[in-house]
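Below is one structure, written out as structure tokens; comments come after it.
Coordinate-derived values only; no laboratory data. Please read these numbers as outputs of a predicted model, since none were measured by experiment. Neighbour counts run over all protein chains shown; Cβ positions are idealised from the backbone, glycine included.
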Amino acid sequence: MTPASQPEVPAIEAIDLVRTYRTHTGVIRRRPLHVEAVKGVSFQVPPGELFGLLGPNGAGKTTTIKMLITLLLPTSGTARVFGHDVVKETTEVRKRIGYVFGGDRGLYDRVSALDNLRYFAELYGVEPADQKRRIAELLDLVGLTGREQEKVEGYSRGMRQRLHVARGLLHDPEVVFLDEPSIGLDPVGARELRVTIKGLVEAGKTVLLTTHYMFEADALCDRIAVINDGRIVALGTGADLKGAVANRTIVEIETFGVAPEAVEALRDDPEVIAVNMEERDQSQILLVQSERGTQITQRLLSRLGETRVGKVVGREPTLEDAYVHLIATTSEADATAARAAAVSV
Amino acid sequence: MTATAHTPTRPISQAGSLRANLRLFWLGGLISYRALFNWARPSIYIPTLIGAPTFQILFFAALGSYATGMDAEFFAIGNAVQVSAMSGIYGMTMAIANERWFGTLHALLATPASRWAIFGGRFIPFIANGLLVSVYGFTISWLFLGVELRVETLGVVALGLVATVFSCSAIGAVQGGLSMRLRDGLFGANLLVFLFLLFCGVNIPLDVLPGWMQAVSNVLPFTHGLQAVRAAVGGAGLDQVGGLIAIEFGIGAAYALLAFGLFSYLERSARANATLDVR
Amino acid sequence: MEGLARNTRLVWRVWIFTLRSFLASEFFILTAILQPVIFASIAFFLFQAGGDAAGEQTLLYAALGTGMMGVWSTTLFGCGGAIQWHRWEGTLELLVAAPSRYDMVLLGQTLGASTFGFYSILATIVWGMALFGMPLNADFPLLLPVALAVAILSLGCLGMLLATSFVLYRHANALSNLLEYPIWIVTGMVVPLAVLPGWLGPISWFLSPTWAMEAIRGSAIGSEPPILAMVLCLGLAAVYYLMARRVLRFVLDKARRDATLSLA
């Protein structure tokens, strides 16, 4: 075996990727608008890693992925897959990557799943002698054996998703990109999908996954990059990211009809770091971050005044709390300050 | 991170090889025909590609002979050839624009497959389909309108027909490319099919049309091939109509090149400006 | 009486709504204006090539005939498309489940379709006058708008009958493609029935577009007022309407039994 000091080619490499769109605002007087979707994203993914790209809607996840899979040209910056430039060696990149995206569209409804796979096998240039075997293996992997002759228009959401995965793996790509693959899947389907993804990495593939399900990223990914507003605001393992909030405690206070002034009163408390609110049907859950959590519960409750309070629970911070904290603090932050604050490995 | 030195293996994808391209051309073309052609089901195929052409031929035969006093044969042949546009124009437009409808376009473009093979392959099933519709049209003309085809002329007629259907499908491919950007692809397709009825010598003899309309007809499909087919039915041989057939093939090739140019431009523009996902 | 007022209002509302949605549709601009205009041009050229018979009246005859062809196309595609479009949007079920009478809704839609066809006649006449030197003079000018109204009403009712059968058939659009040319032929819009095979005659008598065409033609270039044609037209319209209601009830029951209302 070669020693670890031998430099290895990263599976995925993004260097200062920037993507701007030219669009218009207004209907009567159209003014040109420059939208910066991705403002300088850099990261490296070594071979065999499961890398997660997390971020709110509109943060630039899909734009970044599309640049990496050659569907979009970067406005500036470079990206490479196993050393092949995505702009200059497009065909070489496409031979090595698989692209799986979620949702209802993206399959030929009118023909069978088998025909869909056969067609994409031709598109990926899979050797004819191998096609039948490959297709059978993949149908087995995603659990669609026996249903491949049915027309896709009759498939459920979960079945379509599984077919997407099979399609993306036909040519045994070394790098697999999954764009929000568990959207719209029921919990059982989503769990099966995660098992499949883990299997891919165990087989030696590199996987880049975008998602906004925190627990999924936490459970699956070796490393996570959090992207917000077109920039990476944190990069590291799940533990690293939680480290930013590790010394905190979250107190969850269930309220019924809390007034904004009461929430502000909570925020004004000197030991409170952040207060986030989740709406439920009849109630609201206030997530109060502080360092001494349960020790200051009495004070917190008194600040809420007349507000009707239900359950009060103290707990450890999760990745979701770290994420929410990151997004909240970086959304209004200055660009350079955000980059300086990024935690990296 | 991990200490294993990963030497990138050769990808199993053979995309770009001649064999892969040929398979994509033929087999891929056939699969995408079934996947994208809205009318591939008998319940739609029969009314639209068999029923409608039948009555179109009868209608124009009646109108033409009544209005001009000419023999119905002129109009029967013209329309028997023109009905191949159902496949060449509508079919090709669907074969291309429906990728947007199904959301498969970006999955398609993320593959390493040769674009020539992908889109070139889509021609063949539609040319075959168009020929079938025209042959059916000639059968109707023979059955009901007394159009006689002599055996000696069949070869030349067939050649003229192939040239015509090819150039019709080629302009259909251009229309398909345009419909990727425009909102309603079938609008342009319908308009084209109607214009063929007016120009191209299908219903109106070319010399009756004003000069500018003759000029337009000369750059459209059908015009030259149809002349060749008419002459061949009348007994002319390849030596007499070969030139016309060659021109028709040439026109088709020009439209095919235009279509590919359009697709390349659209793909490049989509990568530069992210217009792929607009429905 | 209250029911009648309510239903009339319903039909009227749906009529206007349908008309407005057609105006916004490129496809219907194509069907109602571009297609008739192109066919009119073909007819004009052919009649002119025919030489001596191409008098002034011939051009008007061609314009009215191809305009009427356009009215039929809009009605046909409006009716077939209305059902099909509602299927795709998933609103067909909603309409049927609504408390208002679906047959009234359907009537409003089909009347909207045939009314939109009015643009076809306008377009072919304007086109003929502008580009082919067709003079416009009607022999019975006061009857012309009446004839048009009768035509639109009767075609709307025929459309309703068609639409009821389309409710069951998943690919209504395909049938619409099939029925365009045959009706043009059988009702003698541009080719007089006199020159067509005799057995078509009796079939044409039961189709209101035949009489509608007679009425419009008669008002413009006829020798006597086409009163009989208009009466027959209206009579057939009533028959179609009653048949449509009967068929619709049967068809809706079947669709609900076979669960095909929601299928696209």
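From the largest down, segment B:105-169 spans 53, 21, 14 angstrom on the principal axes of its Cα atoms. For segment B:47-190, the Kirkwood radius over C-alpha pairs fed into Stokes-Einstein at 37 °C and 0.692 mPa s yields D = 200 µm² per second. Computed from backbone phi with θ = phi - 60° and the Karplus coefficients 6.51, -1.76 and 1.60, the 3J(HN,Hα) list for segment A:47-62 is x, x, 9, 9, 9, x, 10, 10, x, x, 4, x, 6, x, 4, 5 Hz; x is used for glycine and proline. For helix A:157-169, what angle does its Cα long axis make with the longest principal axis of chain A, in degrees from 0 to 90 and rounded to 10? Here the helix axis deviates by roughly 60 degrees. Normalising by residue count, the protein assembly as shown has a Cα convex hull of 220 Å³ per residue.
The long axis of helix A:187-202 is offset from the longest Cα principal axis of chain A by roughly 60 degrees.
Taking the Cβ of each residue in A:T145, B:T164, C:T187, A:T307 as the centre, tally the other Cβ atoms inside 10 Å and list the residues starting with the fewest.
Numbers: A:T145 12, B:T164 32, C:T187 25, A:T307 20.
Ordered from fewest to most neighbouring Cβ atoms within 10 Å, A:T145, B:T164, C:T187, A:T307 come out as A:T145, A:T307, C:T187, B:T164.
Give the distance, in whole Å, between the Cα centre of segment A:53-106 and the Cα centre of segment C:57-95. One Cα centre to the other: 46 Å. State the answer as a single residue: which of A:V207, A:V111, A:L17 lies farthest towards the positive end of the charge dipole of segment A:12-242, with beta carbon charges of +1 for Lys and Arg and -1 for Asp and Glu, about the Cα centre. Sorting the options by dipole projection puts first A:L17.
The residue list C:G112, C:F132, C:A98 was ranked by how far each Cα lies along the charge dipole of segment C:2-258 toward its positive end, using unit charges on Cβ atoms, and C:A98 comes out on top.
Sequence gap at least 6, Cα distance under 8 Å: using those rules, report the relative contact order of chain A to the nearest whole percent. Numbers along the way, then the final one.
On the way: 656 pairs, mean separation 60.8, N = 345.
After rounding, I find 18 percent.
Taking the Cα centre of segment A:8-140 as reference, the dipole from Cβ charges on Lys and Arg (+1) and Asp and Glu (-1) amounts to some 820 debye.
Counted over all Cα-Cα pairs of segment A:12-242, pairs farther apart than 21 Å make up 57 percent.
In what order do C:D139, A:D115, B:D207 fall by count of nearby beta-carbon atoms within 10 Å, going from fewest to most? Please report the intermediate quantities before stating the final value.
On the way: C:D139 16, A:D115 20, B:D207 8.
Fewest to most other Cβ atoms nearby, the residues stand as B:D207, C:D139, A:D115.
Note the angle between two axes, namely the Cα long axis of helix A:113-123 and the longest principal axis of the Cα atoms of chain A, as a number of degrees from 0 to 90, rounded to the nearest 10. Once rounded, one gets 70 degrees. The calculated P(r) of segment C:136-242, using every Cα pair and 5 Å bins from 0, goes 2, 13, 20, 21, 20, 13, 7, 3, 1, 0 in percent.
Report the local net charge at B:V229: Lys and Arg +1, Asp and Glu -1, summed over other residues whose C-beta lies under 15 Å from its C-beta. Kindly include the intermediate steps, with their values, before the conclusion.
Working: positive: B:R150, B:R230; negative: B:E73, B:E148, B:E152, B:E248.
Once positives and negatives cancel, what remains is -2.
In summary, the convex hull built on the alpha carbon positions of segment C:2-258 has an orientation-averaged projected area of 14.4 nm². With contributions of -39500 (n - 2.57) from each DSSP H run of at least four residues, the per-residue ellipticity at 222 nm computed over chain A stands at -10000 deg cm²/dmol.
222 nm [θ] for chain B, helices only, -39500 (n - 2.57) per DSSP H run of 4+, per residue, to 500? -22000 deg cm²/dmol, from helical runs alone. The alpha-carbon atoms of segment B:18-273, seen along their principal axes, cover 57, 39, 36 angstrom, with the largest extent given first. Each of C:W15, B:W116 was scored by other Cβ atoms within 10 Å of its Cβ. Listed from fewest to most, they are B:W116, C:W15. Once C-alpha pairs closer than 8 Å and six or more residues apart are averaged by separation and normalised to the residue number of segment C:2-258, the relative contact order reads 24 percent. Percent relative contact order of chain B, based on C-alpha pairs within less than 8 angstrom and at least six residues apart? Answer for chain B is 23 percent.
FRET efficiency for C:A238 and C:E26, Cβ-Cβ distance as r, R0 = 30 Å, nearest 0.05?
0.30
Can you give me the span-like helices of chain C, meaning DSSP H runs with 24 Å or more of Cα extent along the axis and Kyte-Doolittle mean at or above 0.0? Could you put the intermediate results ahead of the total?
Numbers: long enough: C:2-23 (32 Å, 0.28); C:56-89 (47 Å, 0.20); C:143-168 (39 Å, 2.35); C:227-258 (45 Å, 0.93).
In chain C, the long hydrophobic H runs are C:2-23, C:56-89, C:143-168, C:227-258.
Secondary structure note: in segment A:12-242, about 55% of the DSSP beta bridges are antiparallel.
Across all Cα pairs in segment A:120-278, the calculated P(r) in 10 Å bins from zero up to the longest distance comes to 8, 28, 27, 18, 11, 6, 2, 0 percent per bin. Seen from all directions on average, segment C:1-143 presents a Cα convex hull projection of 10.5 nm². Placing unit charges on the Cβ atoms only, positive for Lys and Arg and negative for Asp and Glu, gives the protein assembly as shown a dipole magnitude near 400 debye about its Cα centre.
Its alpha carbons give segment A:266-313 an Rg and a Dmax of 10.6, 31 Å.
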